[in-house]
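Values quoted throughout were computed directly from the atomic coordinates according to the rules given, and no laboratory measurement underlies them. Since the structure is predicted, the reported quantities are computational estimates derived from the model, not experimental observations. Cβ placement follows ideal geometry from the backbone for every residue including glycine, while neighbour counts extend to all protein chains displayed.
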């Protein structure tokens, strides 16, 4: 007689059973269903085989190694007796190893990206994602994206109801056993009506001074109208009677996703409206709720140019008490910027690494703008002992933009005496494999 396994009750059928293959198939169908309940592997095509056409995205099992592989190049597998492992060694670009990523992410939350095999819980439900998706407003509305592994909602609700009924019954029995002295809990004119349930009575009317409460001790009362056949009346519970940390998120009124709670000038709660991407919550001072506002950025833009390439020139810049002109020196670097407002500030920072072939060179670097003839700013080196040595020149120039049109800044470098000037090197050759770089950086700052 056939027996079954302990946990999943797989059928252990004897080999002489006819048809034995039917029981074997049922076992595999059960394995497939159980595995799919706890993990998802899309597009599985079974065990790899020879001389078979495979498409991109197909997933195949290596039966010898017990691994799963994803096809990344459409092809037909090798024929003959070639193994899957040998075929992958011959064609390593055809396959990539596939693993099932699983993540226990705890409590399910709204507006969150979930991937296949993510595990979450919501209330008394434990589930695994079966498709990649972004969660919606409620877990119930999202249920098509999940496979429920455990759903204890009904059992927990039934247990809670049973416990509540048992507690009420015990309370009623205790009251009945102790007895109730009606004159001690109702004043003249108060009326009680038997309701035929475990609670005993409903209060129909009460005096203006309130109805005494037995469990509240001497002098304790319930205000007129606070109790009815269905429990406490709306608004009858004072704030002082609510325990600290007793109001949960579930008891708060629903709002709009992304809103925040603040307080207005009267001290009443108010919702801070959802802002736009990139905005920040900004205080509006005492008496006003904060609002979402755009960031008041000071640095509006930064543009830059950098080069480690070698460049040479022979044009001179005299080292005297005159302003360098755009016709002097060799132009090595340019950079354009379009200011956002004419009153904004531009900071131009330029650095140049240069050498000249003459003995004791006096190199000068000058900054020009557009077609202006005179330099905006200059840096000049002291005479360098020897020749061919690299000098670093720096310019830091600050100015008002005075335009909203594109404007171009230019850097000229020249020596005081005839010779060849080399940018980013010496003697016409580079240094440090283009990592000795000269540059211009322009920063626009809001006025």
| query | What FRET efficiency would be calculated for the residue pair residue 237, residue 261, taking the C-beta separation as r and a Förster radius of 25 Å, to the nearest 0.05? | reply | 0.70
| note | With the 8 Å Cα cutoff and a minimum separation of six or more residues, the stretch 299-445 has a relative contact order in percent of 42
| For 365, 281, 292, what's the fewest-to-most ordering of other Cβ within 10 Å of each Cβ? | 281, 292, 365
| query | Among 30, 372, 328, which comes first, second and so on when ranked by fewest other beta-carbon atoms within 10 Å? | reply | 372, 30, 328
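Can you give the FRET efficiency to the nearest 0.05 for residue 435 and residue 149, using r as the Cβ-Cβ distance and R₀ = 45 Å?
Values: r = 57 Å, r/R0 = 1.27.
With a Förster radius of 45 Å, E is 0.20.
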| Which ordering of 442, 68, 317, 116 is given by a fewest-first count of other beta-carbon atoms within 10 Å? | 68, 116, 442, 317
| remark: Between residue 301 and residue 327, Cβ-based FRET efficiency (R0 25 Å, step 0.05) works out to 0.20
| message | Could you tell me how far the Cα centroid of the stretch 403-447 sits from the Cα centroid of the stretch 327-345, in Å? | response | 12
| field | Length released on extending from residue 50 to residue 22, taking residue separation times 0.36 nm less the Cα-Cα span | value | 7.4 nm
| field | Two-decimal Rg/Rh across the stretch 305-447, once Rg and the Kirkwood Rh are taken from alpha-carbon atoms | value | 1.00
